[in-house]
Amino acid sequence: MRSIDELDMVEALHEGQFEQPLWSTFLERLRRRAQADYASLLIRRAEAPFNELIELFARAPGDPGRLRFETIYLLDPQRYHALRPGRVYDLQDLREPPAAPQNAGNPELGEFQHAQLMRVAEPGGCTAWVVIARRARPFGAAEGALLSSLARHIGLAVRAFVAVERERYRSEVAQHALHRLNFGWMSLAADGQLIDFDVNAERMLQRSQVLRRTSRGRLMLASPEADRALGKALRTFEANPLARPQAIHLSDEPWIDILVLSTADRAMPANRTRAPMTIIYIHGDEQTSTHRVEQIVDLFGLSRNEARLALALSRGRSIAEAAEEIGISLETARSYSKNVYAKTGTRRQADLVRLILISVITLA
């Protein structure tokens, strides 16, 4: 294979995992370079059943044909799974008994009469097969050499694909957990410009009235006091990147607060056109206080007034502040608090806060 051809195909291989459909450019270039009617890439994840394959293919324009490789594979999955990696096989040589005469047709290949196949093994256990097929003319040594020359690159591309898929899955699980916990994050430049954010923070920006993105891309907090506190925090981190994180309360109903941290001691992506200076963690409660009170009643067996007091205490209110907030006397609040501690098995406000924060109501 000429170096220019090889570079084009290798480039398409490594960019293919970002295409939709996956590896469509590579497969079309492979089909044309091999003068094949059909080219396919099949991937089986390490943990997947033998009959669950990712099947990608390219075929000649106007040609409706498709090689059903899963049919071949299921005839003897151990054999095809055990092919020596990097070796090119003529598919007709793999069958027992020997192949029937060419004019008799090949039920395994369907309308295609000739095919070459190569297995590639990924260190994590993922297996890929590359197949090229023609309707009439047999493949020769040149096409086999073409596949062989690509074996290492295909292995690297599949390995990268598996790693990206694994991280994508982990990210989705973590993102789902953060969503259930009502957490989000965003990164800011020194002037308050939003650089990046996750889907939870994006949802809060769209739905919440207490924080928004201005037309110039700056994060703005609805409360003038909170917005001034954010500006002060940004100036503090600009002057001293190692300054302590700063918490800012934004809203009681719904409950939303943020924690502003410097990125000085955190590894940040190098591909940003503008480096973030701070990370903001957002904690917002999508449930109303009424719903939270009902959940605390169900979970801990408190009366509604006791649950209201417990919720206020869990949000950092003092006993006097909680009493004023829910409209009861300080003496009544103290009486309720004793009941709350007794029913929840806690002894002090810090224990109560910890208990509520780790309870399942944070996932409701």
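At-a-glance table
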{"quantity": "Pairs, first farther than 20 Å from Arg347 by Cβ in segment 305-332, second assigned to a helix (DSSP H, G or I) and among the charged types (D, E, K, R), C-beta under 8 Å, six or more apart", "calculated": "Ile326/Arg308"}
{"quantity": "Members of segment 47-71 that are outside any loop (DSSP other than H, G, I, E, B) and either basic (Lys, Arg) or at pLDDT 75 or above (or both)", "calculated": "Ile54, Glu55, Leu56, Phe57, Ala58, Arg59"}
{"quantity": "Selected residue (criterion: surrounded by the fewest Cβ atoms within 10 Å (Cβ to Cβ)) from residues of segment 297-340 that are under 33 Å from the mean Cα position of the chain (by Cα) and closer than 27 Å to Leu211 by Cβ", "calculated": "Arg315"}
{"quantity": "Scan of segment 207-236 for residues that are out of contact with any Gly (no Cβ under 6 Å at 6 or more places or on another chain), part of a strand (DSSP E or B) and surrounded by fewer than 19 Cβ atoms within 10 Å (Cβ to Cβ), ordered by number", "calculated": "Arg212, Arg213, Met220"}
{"quantity": "Selection status of Ser262, modelled with pLDDT of 80 or more, open to solvent by less than 70 Å² (accessible area, probe 1.4 Å), within 34 Å of the chain's Cα centre (by Cα) and of a type outside the set (A, V, I, L, M)", "calculated": "yes"}
{"quantity": "Residues within segment 8-36 that are part of a helix (DSSP H, G or I), open to solvent by 40 Å² or more (accessible area, probe 1.4 Å) and either free of Cβ contacts under 8 Å to residues at least 12 places away in the same chain or not small (Gly, Ala, Ser) (or both), tallied", "calculated": "10"}
{"quantity": "Residues of segment 130-145 satisfying the condition of being within 13 Å of Ala39 (Cα to Cα) and either touching a helix residue (DSSP H, G or I) at 6+ places or on another chain (Cβ under 7 Å) or of a type in the set (D, E, K, R) (or both)", "calculated": "Val130, Val131, Ile132, Arg134, Arg135, Glu143"}
{"quantity": "Matching strands (runs of 3 or more DSSP E) fully within segment 120-206 where at least 1 residues are open to solvent by less than 50 Å² (accessible area, probe 1.4 Å) and closer than 30 Å to Trp255 by Cβ", "calculated": "183-188, 194-197"}
{"quantity": "Residue identified as of a type in the set (A, V, I, L, M) and within 21 Å of Thr278 (Cβ to Cβ) among Leu221, Leu147, Leu156", "calculated": "Leu221"}
{"quantity": "Looking only at segment 265-284, and only at residues there that are crowded, with 19+ Cβ neighbours inside 10 Å and assigned to a loop (DSSP other than H, G, I, E, B), the one that is modelled with the lowest pLDDT", "calculated": "Pro276"}
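The values are calculated or read from the model by the stated rules, or taken from the named source; none is laboratory data. If you're wondering where the values come from, they're calculated on a predicted model, not measured in any experiment. Positions of Cβ are backbone-derived with ideal geometry, glycine not excepted, and every protein chain shown enters the neighbour counts. Remember, those area values only see protein heavy atoms, side chains included, never the ligands or the DNA or RNA. Shrake-Rupley method; radii C 1.70, N 1.55, O 1.52, S 1.80 Å.
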